1. Taking 1 over the mean of 1/r across every pair of different Cα atoms in the stretch 34-189, what Kirkwood radius in Å do you get?
2. DSSP loop GluC sites (Glu not before Pro) in the stretch 274-346 with at most 10 other Cβ atoms within 10 Å of their Cβ, which ones?
3. Given the chain, what percent of its DSSP beta bridges are antiparallel, to the nearest 5?
4. Taking a cut-off of 16 Å between Cα atoms, list the aspartates and glutamates near residue 420, but don't count ones fewer than 8 places away on the same chain.
5. With θ set to phi - 60°, apply the Karplus curve 6.51 cos²θ - 1.76 cosθ + 1.60 along the stretch 350-360 and write out the HN-Hα couplings as whole Hz, x wherever there is a Gly or Pro.
6. Which aspartates and glutamates have a Cα less than 12 Å from the Cα of residue 50, not counting those fewer than 8 places away in the same chain?
7. Just for the stretch 326-417, what percent of DSSP beta bridges are antiparallel, to the closest 5?
8. Largest first, please: the extent of the C-alpha atoms of the chain along each principal axis, to the nearest Å.
Amino acid sequence: MKEQQHSGKVYKVNGPIIEAIIFEDLMMLEVVYVGPKKIIGEVIKLYRDKCIIQVYEDTTMIKPDDFVYRTNNLLNVILGPGLLSSIFDGIQRPLTFLFNNSKQPFISAGEKLFPLNTDKLWHFKPIIKNNSFVKSGEIIGVVDETEKIQHKIMVPNFLEGEIINIKSEGNYKITDTIAQLKTKTKIVDLKLYQQWSVRSPRPYLKKDNEIEPLLTGQRVIDTLFPVKKGGVVMIPGGFGTGKTMTQQAIAKWCNADIIVYIGCGERGNEMADVLKEFEHLFDYKNNKPLIERTIIIANTSNMPVAARETSIYTGITIAEYYRDMGYDVALMADSTSRWAEALRELSARMEEIPAEESYPAYLASYLAKFYERAGKVVNLNSTKGSITIIGAVSPQGGDFSEPVTQQTKRFTKVFWALDKQLANERHYPAINWINSYSEYADEIVNWYNK
């Protein structure tokens, strides 16, 4: 992101919420840098001469009159070869690279690093020729990201034109220009990666009505409470009922091509267990470690709360990118309750009028924005792909009447209720077959009959 001269200065600091006086017009949801260390934030509210910024890093040492620097960019993720097997935080900072660079367990304020490896060479194979006319989403070449997953290099969305100067087959870095696109008004350099705003769903042609189950490998699920590819699932359960274990089992055995696992506000030791487990889980489909087709977003409970809110969108945007290539993606969100708690804290700091149990009044609309990005679709390049969202919900004390559980039920069609008593009896997955249900069962019958 290209920085300009300072565009404002800090007026008030309230945890991750900063109020700033602005000297020029900023955009809603524009990314800004704050203070001498230039910690990253996002404009979430605008007044005539002030703005509210939610900051994704620790605001310790930030003080009034520190400068605010604009970027003229929205919060983007980098999409390209190298995403698989990677571990990112909520704003897509590569945790493994950061640790190797700093040799310390915590991220320093203002620390930034390009999310993908810019030194690695990828073998690019073009599949179109010069002077070909291409549209948004069309595939112009492929890269073997792993032995089993072929990464498809696509024309960035909202661009179309004539391909010129496409590179021949060979090894290139993701920052190399592999082709140029001549539009009606300009010539655009195409690289192996592209950027996309996390708040905006990626476009597609239409929803696909074909029904196919996401086979999880768990008999209680596939027999009684099945889910289709492109479906939405919630797994509510109190502490210790096995939400994470159930999601790990589905990740290992389901018939999805790509796994995106979002650890949103979970305990650090639990996320450490996930990382350790995924490195050693064996993928029966490919005879390879499961991590080779997995992307992990790790945003633990001690990380800045605003980044927890963003981690959900980072994960779903990456999932949409692989869906656009024609892959079936299973996204595990663990847990959306911690995400809702982040919304509640940020809302309280902005002194917004609270709704039930102090959650913001827009909790339902935010949940809808997330879950509605699931689905099985026909992509812009005519391939078919899907995103199945399996979201864990952590109601306090196992109370399913609390707001997050009740609001999530409005937007999901499968309810796998975890039972504390079954978990205590070591009956896993601890899915209560009386309280659970699936609205996809009747749709999937025809697939099984065939």
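1. Values: mean 1/r = 0.0538 Å⁻¹.
Kirkwood radius, the stretch 34-189: 18.6 Å.
2. Working: sites: 277, 279, 292, 309, 320, 341, 345; in loops: none.
Of the GluC sites (Glu not before Pro), not one in the loops of the stretch 274-346 has a Cβ with at most 10 other Cβ atoms within 10 Å.
3. On the way: 66 of 93 bridges.
Of all bridge pairs located within the chain, approximately 70 percent are antiparallel.
4. The reachable aspartates and glutamates, counting only those whose Cα sits under 16 Å from residue 420, are 399.
5. Once θ is set to phi - 60°, the couplings for the stretch 350-360 become 8, 6, 7, 5, x, 9, 4, 6, 6, 6, x Hz.
6. Hits, sequence-local ones excluded: 19, 24, 25.
7. Working: 5 of 11 bridges.
Percentage antiparallel, nearest 5: 45.
8. 61, 56, 41
The values are calculated or read from the model by the stated rules, or taken from the named source; none is laboratory data. Just so it is clear, the model here is predicted, and its values are computed rather than measured. All Cβ positions, glycine included, derive from the backbone under ideal geometry; neighbour counts span all protein chains shown. Each accessible area value is taken on the protein alone, full model and side chains, heavy atoms only, with ligands, DNA and RNA left out. Shrake-Rupley method; radii C 1.70, N 1.55, O 1.52, S 1.80 Å.
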